Amino acid sequence: MIQLKAVSKSYSQKNRVLDQVNLDIKKGEFVYLLGGTGAGKTTLFKLIATEELPSTGELSVFGYSARNSSEATLQAIRRSIGYIPQKVSLISDFTVFENVALSLSYGGSRLLKQEARQKIYELLDRLQLLHRKDALARELSGGETQRVAVARALARQPELLIADEPTGAQDFQHTWTVMDLLLRANVHGMTVIVATHDRDIVRRVRKRCLLLQNGKLTSEESALWSR
Ligand SMILES: Nc1ncnc2c1ncn2[C@@H]1O[C@H](COP(=O)(O)OP(=O)(O)OP(=O)(O)O)[C@@H](O)[C@H]1O
Ligand SMILES: [Mg+2]
């Protein structure tokens, strides 16, 4: 589903953020992306989401080359990806419900079919946000804002979910509210990649781990879990 061959990314001549990265993620996998701050996790996600191009190397998503595909193909790829960004931005004068509904691109929440509305309510409920559905985005706490971004990314039931520190603003209880939802989506066939600093998550829910260090991507072995 995602393939990187010798992908490097630099923002300046001195600084090579990703260095000859090779990666193969299959449909239906659940993968953690680990690495210290500044290691390049968000950069790698932006490449996979086709928001940025590699400096060198080949990247393909859903079998399409990021470099050689038409704009229409890239747009179709992006529509099939749910992205929970590290820096969440919602539309501040829209409600929680409207922010999630917008991602369904039905041309405004008033036109949403009852079934779609129901789906959003269900998601908000699972994320313990249903009581906030009519609150304006600018009135939300950091944790609530992040959970709206989780709902927004999942609402369209994307084939691939990219979650950049999706629990970074959550307390212990809500961390597991979010994780449960991501794991449930994965059980239903969604491919999920999660960047996290939270070793507790990685220890409790054991999945394939990728580690970014000094621009290089390696697979982490189980030694990590005993730390
Ligand atoms: N648009 C950009 N222009 C210049 N440098 C950038 C840009 N984006 C990222 N960088 C640099 O690339 C490196 C990797 O950044 P990135 O955001 O991918 O790290 P990260 O692993 O996501 O870190 P964190 O855990 O703090 O989110 C950093 O040194 C950062 O300063
Ligand atoms: Mg980051």
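Treat every Asp and Glu Cβ in the chain as -1 and every Lys and Arg Cβ as +1, leave all other atoms uncharged, and give the resulting dipole magnitude about the Cα centre to the nearest 20 debye. Charge dipole of the chain: 280 debye, to the nearest 20. The residue 199 and residue 87 beta-carbon pair, evaluated with R₀ = 25 Å, returns a calculated FRET efficiency of approximately 0.65. When the chain is treated as a GNM with alpha-carbon contacts under 10 Å, the residue of 151, 76, 169 showing the greatest mean-square fluctuation is 76. Considering only 72, 155, 101, the Gaussian network model of the chain with Cα springs below 10 Å gives its largest mean-square fluctuation to 72.
Applying 0.36 nm per residue to the separation of residue 62 and residue 173 and subtracting their alpha-carbon distance, the gain on full extension is 36.5 nm. When each of 94, 30 is scored by the number of other beta-carbon atoms lying within 10 Å, the sequence from fewest to most is 94, 30. Ordered by the number of other Cβ atoms lying within 10 Å of each residue's own Cβ, fewest first, 51, 165 fall into the sequence 51, 165. Note: relative contact order over the chain, using C-alpha pairs below 8 Å and six or more positions apart, is 29 percent. Taking the Cα atoms of the stretch 1-115, the ratio Rg/Rh between the radius of gyration and the Kirkwood radius comes to 1.03.
Neighbour counting of Cβ atoms within 10 Å sorts the residues 103, 12, 219, fewest neighbours leading, into 12, 219, 103. DSSP beta bridges confined to the chain are antiparallel in about 50 percent of cases.
Would any residue of the stretch 54-93 have its amide N under 12 Å from a label point 7 Å out along Cα→Cβ of residue 218? List them or say none. Flagged as within label range: none. Across the stretch 1-58, Cα pairs under 8 Å and at least six residues apart give a relative contact order of 43 percent.
For the stretch 93-101, backbone phi angles converted through the Karplus equation (6.51, -1.76, 1.60; θ = phi - 60°) give residue-by-residue couplings of 9, 9, 6, 4, 4, 5, 4, 6, 4 Hz, Gly and Pro being listed as x. Beyond 29 Å in Cα-Cα separation lie the following of the pairs 41/113; 5/119; 14/87: 41/113; 5/119. Within the listed set 197, 174, 188, the residue fluctuating most in the Gaussian network model of the chain (springs between alpha-carbon atoms under 10 angstrom) is 188. Stretching the chain fully between residue 20 and residue 187 yields a gain of 57.0 nm (0.36 nm per residue, less the alpha carbon separation). Summing +1 for each Lys or Arg and -1 for each Asp or Glu among the other residues whose beta-carbon sits under 13 angstrom from that of residue 159 gives +4.
The distance between label points at residue 71 and residue 139 comes to 3.9 nm (points 7 Å beyond Cα on the Cα→Cβ vector). With contacts taken as Cα pairs under 8 Å and at least 6 residues apart, the stretch 119-227 reaches a relative contact order of 22 percent. 3J(HN,Hα) along the stretch 196-210: 8, 9, 8, 5, 4, 4, 5, 6, 7, 10, 7, 9, 4, 10, 10 Hz, from the Karplus curve 6.51 cos²θ - 1.76 cosθ + 1.60 with θ = phi - 60°, whole Hz, x for Gly and Pro.
Every number in this text was worked out from the coordinates using simple rules, so none of it is lab data. Since the structure is predicted, the reported quantities are computational estimates derived from the model, not experimental observations. Cβ: placed from backbone, ideal geometry, glycine included. Neighbour counts: every protein chain shown.
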